[in-house]
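The values are calculated or read from the model by the stated rules, or taken from the named source; none is laboratory data. No experiment lies behind these values; they were computed from the predicted model shown. Every residue, glycine as well, gets a Cβ built from its backbone with ideal geometry; the counts of neighbours run over all protein chains shown. Please note that ligands, DNA and RNA were not included when accessible areas were found on the heavy atoms of the full protein model with its side chains. Shrake-Rupley method; radii C 1.70, N 1.55, O 1.52, S 1.80 Å.
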Amino acid sequence: MAELMAKGKEVYDANCLACHQAEGQGGGPFPALKGSPVATTGSIADHIAIIADGKGIMPPFGAQLSALDIAAVTTYERNAWGNNTGDVVQPSQVK
């Protein structure tokens, strides 16, 4: 968990922070991840799909991030900012 969270924060800061903000609060057209159903009660598979394939104005990151990067940032988003799901996403879950 600790390794994935550290890697996930790096990936988040480099790719997600500009739109979803430092504390996951989002803003304007960019939804919050803090307390978001996607990052708290939604399925891990759906969360991965949004990161990999994009959704709405969010671009797809599947071609530029590795399976490890996507697993790490998904783990981070599901456990940062008080989300605390306890989910640990493995690269093997990223298709």
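Things to note:
- Relative frequency of Cα-Cα separations exceeding 18 Å in the chain, percent: 35
- Per atom type, the chain shows carbon and sulfur on 58% of its accessible surface, probed at 1.4 Å.
- Each Lys or Arg adds one and each Asp or Glu subtracts one; over the other residues with Cβ under 13 Å from the Cβ of Thr75, this totals -2.
- For the options Ala80, Ala71, Ala18, a Gaussian network treatment of the chain with springs between C-alpha atoms closer than 10 Å singles out Ala18 as fluctuating the most.
- Helical mean residue ellipticity (222 nm; -39500 (n - 2.57) per DSSP H run of 4+; nearest 500) of the chain: -13500 deg cm²/dmol
- Note, ³J(HN,Hα) from phi for the stretch 53-69, Karplus 6.51, -1.76, 1.60, rounded to Hz, x at Gly and Pro: 9, x, 6, x, 7, 6, x, x, 10, x, 7, 10, 10, 6, 4, 5, 4
- Each residue, Ala14 and Ala63, gets one label point 7 Å from its Cα in the Cβ direction; the gap between the two is 1.8 nm.
- Å² per residue, accessible surface of the chain at 1.4 Å: 53
- Cα gyration tensor, the stretch 6-50 - rounded (a/c under 1.5), prolate or oblate: oblate
- Computed from backbone phi with θ = phi - 60° and the Karplus coefficients 6.51, -1.76 and 1.60, the 3J(HN,Hα) list for the stretch 77-84 is 4, 7, 10, 8, 6, x, 5, 6 Hz; x is used for glycine and proline.
- Cut-off 19 Å (backbone N to label point 7 Å along Cα→Cβ of Gln21), residues of the stretch 34-72: 34-40, 57-58
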